[in-house]
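What follows is a single structure, written as C-alpha cells, with notes after it.
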Amino acid sequence: MIVALGFAELKLLLRNRTAAALAVLMPLAAGLWFAFGMGGERTGWTVVVTLQLLFSFGFTVYVTVTTALTARRQDLYLKRLRTGAASDVVLVTGLLLPVVLLGLAQALVLLGVTAAAGAPLPDRPGALLLAVVGGMVLACAAGVATSGVTGTAELAQITTAPFFLALVVGGVLGSAGPVDPPVFLLPGTGLGTLAGAAWGGPTDQVGTAALAVALWCVVATALAVRFFRWDPRG
C-alpha cells in the first residue's frame, strides 16, 4: 500500500512541471553553483556541503511536501484516500515516500559532484549520517505541519519562507564553527554543526547539535499532528 501510494504521488508530482522544477532542478542548480563557485579551502567545502544539504532538505523535501499535501487536500484527494482501509500513518507515509527518496538521491548526487570538484571525503561519516537523517525527518514533519496552515498550493511559497530561511541561516552559522547556545534555537544550526564536524570541524558541540536536531524533530512532529488537515480549509 505504501509503495503504491508512493508511485501514485510521484506521478502527480512529475505531472506538475512547476512543482517538479522546484523539487529537482532548483536544488541541483544551486548545489552545482555552490560546488564550483564556492569551494576551495576545507572550511569552504564545509559551507558548500551544508548549503547543498539544506537546499535538498528545504526545497526538495520541505517545500514540496507542503505544496503537495496542500494541493491534494484542496482537491479532496486526501479525503478520498481516507475512505479506504489504510490507516492515517500508512497514507501519510506513502505520500511522503517519493519526496524523501528524491531528497536522498539529490543529496547523494550533490555530494558526489562536490567530491568530483575537489572536496575531501568526510572525516566523520557518522556525523554526516546524523545530519542527513535528522534533516530529512525535520523537513518532512515541518512540511506536514506547514501544509495545515497553508490555504492553497500557491500560498506555500509564502508560508514556507520563514522556516526555510531559518533553516539556511542556522545551517550556515552552525557550519562556520562553535556558536552560542541560543543559536541552536534556529532549526538548521544543529544540522550545520554536524556537517561541519563531519568535515574535520570542532566536535565539542556535536552532542548539543544532535540534541537540538532531535528536539526540533519532536517539535515539528507534534506540530504536524496538531495542525495537519485532511479536509479542505474553508
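The values are calculated or read from the model by the stated rules, or taken from the named source; none is laboratory data. The structure displayed is predicted, hence computed values, not measured ones. Virtual Cβ from ideal backbone geometry, glycine too; neighbours counted across all protein chains shown. With ligands, DNA and RNA removed, areas are computed over all heavy atoms of the protein, side chains included. Shrake-Rupley method; radii C 1.70, N 1.55, O 1.52, S 1.80 Å.
A few remarks follow.
- Selection of first residues in the range 105-133 that are free of Cβ contacts under 8 Å to residues at least 40 places away in the same chain and of second residues that are part of a helix (DSSP H, G or I) and not basic (K, R), restricted to Cβ pairs under 7 Å at least 6 apart or on distinct chains, gives the following pairs, ordered by first then second residue: L121/A115.
- Where S56 falls short, out of the listed (1) touching a Pro at 6+ places or on another chain (Cβ under 7 Å); (2) open to solvent by less than 10 Å² (accessible area, probe 1.4 Å); (3) at pLDDT 90 or above: (3)
- Within the set G170, G151, the sole residue that is part of a loop (DSSP other than H, G, I, E, B), of a type in the set (G, A, S) and open to solvent by less than 40 Å² (accessible area, probe 1.4 Å) turns out to be G151.
- Qualifying positions in the range 1-14 - modelled with pLDDT of 80 or more and touching a Pro at 6+ places or on another chain (Cβ under 7 Å): G6, E9
- Residue ID - least open to solvent (accessible area, probe 1.4 Å), chosen from residues in the range 198-209 that are under 15 Å from G134 (Cβ atoms) and touching a Pro at 6+ places or on another chain (Cβ under 9 Å): A198
- Condition met for D231 (more than 30 Å from F36 (Cα to Cα), open to solvent by 10 Å² or more (accessible area, probe 1.4 Å), more than 16 Å from the chain's Cα centre (by Cα) and of a type in the set (D, E)): yes
- One residue stands out among those in the range 90-113 that are surrounded by 13 or more Cβ atoms within 10 Å (Cβ to Cβ) and not hydrophobic (A, V, I, L, M, F, W, C): the one that is nearest to the chain's Cα centre (by Cα), which is G103.
- Odd one out for S87 among (1) under 14 Å from A142 (Cβ atoms); (2) surrounded by fewer than 18 Cβ atoms within 10 Å (Cβ to Cβ); (3) of a type in the set (S, T, Y): (1)
- Criterion (closer than 18 Å to Q52 by Cβ, within 15 Å of the chain's Cα centre (by Cα) and modelled with pLDDT of 95 or more) met by exactly one of V168, V213: V213
- Within the range 15-31, tally of residues that are modelled with pLDDT under 75, assigned to a helix (DSSP H, G or I) and more than 17 Å from the chain's Cα centre (by Cα): 2
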